[in-house]
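Here's the structure we're looking at; comments come further down.
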Amino acid sequence: MTPETAPERRALADRLQEAGVLVHPKWRAAVEAVPREPFLQPGVFLPADGGRWRPVTALGTDPGEWTKIAYRDESLVTQLDGHLTADQTAEPVPGVPTSSSTTPVTVVGMIETLDVEDGHTALEIGTGTGYSTALMCHRLGEDNVTTVEVDPGVAARADAAVEAAGYSTWTLTGDGLLGHPRRAPYDRVIATCAVRRIPHTWVRQTEPGGVILTTLAPGSWAYGTGLAKVTVNEAGTAEGLIIGESSFMQARSQATAALAGDLSARTAYADSERAAKVSPTLLEEWMPAFLAQLAAPGAQLVRATRSDGSRQLFVFDADRESFAAFTENGSGWTVRQGGPVALWDDIEQALIAWQDAGRPDISTVRLRVTPRSHTYWIGDGPTLRWEHRLV
């Protein structure tokens, strides 16, 4: 514990309560009790010019400034490229964030949404810094919390931070997609990473009536993702809703590499060309992006700029060797499609059906999980229904 930051913790709790995400008195007690700063050791990366990241370490920073950083209302990057921490470099560096301390409004909003009760057991997928783990330990008791982290270095730092905060829980290194059957069944499962589908191992390891809460990215997009809350039933299936927008880093084993290479070569031979019925720029909006992933789960949206400054958009599905390439023509967009799957036909059909239905938001999407499939639907009509079968 660090009593000197008690005012900051109370102020954080006040802000979260005012924002409407901190409701239950016992969660407020957890926020006030658990300091955030030990979970940022050895340091963080802050955004710098040119897309770089500036390292800031606890030991190299004025204590007052470090406290301000720790209690910012934002996510703080704690690892780049799967290995680099802030104490390993002194200069701004490029890199891709691979671990972070998620903004408190998101962390607390999710654990409130779990609807936990005294005595519940919880499985956390993605320990990260361990801050959310400590909050749950305070609320449920340390022996009722199991947390799994895939990165050994991240897991070791989180375990040390949780211990320093006064809790000794089950912090495990492993693939969270497999859950942890030895301590199952759990009353609640929460994931702090995005997954393409809810692993059925989580369903099997959850008590009937228990809840699973996770961010779903059916096509592994960085946005256009939804927070799924499903309840497990006696039959070993689960059903629920996408309850809102949510954005987390993808599970390591499911992360999709950015498409590289000559895009003009990849789209040189098209099987068809026509006017697009809806603008592909619609995919830059959250709900249409989610629908695109339901309609074409393996597709990626890629943006490019020609030498003359004109904009190009592409949708690629590398596994199915298919593409859709868009060109602005003054009055709209032309789409060229190639490969065995007409990607844009499937996505466009979903977008048109969504528009015809009045553009419902993401919270209208229902979800059913079985051992063999995920089924998503909006309303009762067949045009807004998608089944993703497991191969």
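The values are calculated or read from the model by the stated rules, or taken from the named source; none is laboratory data. Not measured: the values here are computed from a predicted model. Methodologically, a virtual Cβ is constructed for each residue, glycine included, from the backbone with ideal geometry; neighbour enumeration extends over all protein chains shown. The area values use the complete protein model at the heavy-atom level, side chains included, leaving out ligands, DNA and RNA. Shrake-Rupley method; radii C 1.70, N 1.55, O 1.52, S 1.80 Å.
List of remarks:
- For region 210-243, filtering for residues that are in a strand (DSSP E or B) and closer than 17 Å to residue 110 by Cα leaves 17.
- Residues within region 266-321 that are hydroxyl-bearing (Ser, Thr, Tyr) and part of a strand (DSSP E or B), tallied: 2
- Test for residue 207: is it surrounded by fewer than 24 Cβ atoms within 10 Å (Cβ to Cβ) and in a strand (DSSP E or B): yes
- Single unsatisfied condition, residue 65 versus (1) within 21 Å of residue 246 (Cβ to Cβ); (2) in contact with a strand residue (DSSP E or B) (Cβ under 9 Å, 6 or more places away or on another chain): (1)
- Single match in 104, 152, 97 (criterion: over 19 Å from residue 206 (Cβ atoms), touching a strand residue (DSSP E or B) at 6+ places or on another chain (Cβ under 6 Å) and in contact (Cβ under 8 Å) with a residue 60 or more places away in the chain): 97
- Across region 233-254, not a single residue is classified as under 17 Å from residue 374 (Cα atoms), crowded, with 22+ Cβ neighbours inside 10 Å and without any contact (Cβ under 8 Å) to a residue 60 or more places away in the chain.
- Hits in region 50-71 - residues which are assigned to a loop (DSSP other than H, G, I, E, B), touching a helix residue (DSSP H, G or I) at 6+ places or on another chain (Cβ under 9 Å) and open to solvent by 40 Å² or more (accessible area, probe 1.4 Å): 59, 60
- Of 76, 80, 84, 40, all but one fail to be aliphatic (A, V, I, L, M), touching a Gly at 6+ places or on another chain (Cβ under 8 Å) and in contact (Cβ under 8 Å) with a residue 12 or more places away in the chain; the exception is 80.
- Residue, surrounded by the fewest Cβ atoms within 10 Å (Cβ to Cβ), within region 322-362, restricted to residues that are part of a helix (DSSP H, G or I) and of a type in the set (S, T, N, Q): 355
- Residue within region 151-173 that is among the small types (Gly, Ala, Ser) and more than 20 Å from residue 134 (Cβ to Cβ) present: no
- Taking each residue of region 5-26 that is assigned to a helix (DSSP H, G or I) and looking for partners that are open to solvent by 80 Å² or more (accessible area, probe 1.4 Å) with beta-carbon atoms closer than 8 Å, six or more apart or interchain, yields 15/73; 17/23.
- Options 209, 219: the member that is out of contact with any helix residue (DSSP H, G or I) (no Cβ under 9 Å at 6 or more places or on another chain), within 24 Å of residue 375 (Cα to Cα) and in contact (Cβ under 8 Å) with a residue 24 or more places away in the chain: 209
- Qualifying position, being over 22 Å from residue 191 (Cα atoms) and buried (at least 20 other Cβ atoms within 10 Å of the Cβ), among 275, 304, 295, 270: 295
- Flag if residue 189 is of a type in the set (A, V, I, L, M) and without any contact (Cβ under 8 Å) to a residue 60 or more places away in the chain: no
- From the options 121, 146, 98, 173, residue that is touching a Phe, Trp or Tyr at 6+ places or on another chain (Cβ under 8 Å), among the polar types (S, T, N, Q) and either under 17 Å from residue 40 (Cβ atoms) or open to solvent by 30 Å² or more (accessible area, probe 1.4 Å) (or both): 121
- Top-ranked residue of region 363-391 - restricted to ones that are without any contact (Cβ under 8 Å) to a residue 12 or more places away in the chain and part of a loop (DSSP other than H, G, I, E, B), ranked as least open to solvent (accessible area, probe 1.4 Å): 380
- Selection status of residue 285, open to solvent by 70 Å² or more (accessible area, probe 1.4 Å) and acidic (Asp, Glu): yes
- Test for residue 327: is it closer than 28 Å to residue 243 by Cβ and β-branched (Val, Ile, Thr): no
- In region 97-174, counting only strands (runs of 3 or more DSSP E) that sit wholly within it, the ones holding 1 or more residues that are modelled with pLDDT of 95 or more, within 17 Å of the chain's Cα centre (by Cα) and closer than 16 Å to residue 193 by Cα span 122-125, 145-149.
- Conditions (1) surrounded by 18 or more Cβ atoms within 10 Å (Cβ to Cβ); (2) of a type in the set (A, V, I, L, M, F, W, C); (3) without any contact (Cβ under 8 Å) to a residue 40 or more places away in the chain: number failed by residue 90: (1)
- The condition of being open to solvent by 50 Å² or more (accessible area, probe 1.4 Å) and over 28 Å from residue 292 (Cα atoms) holds for residue 182.
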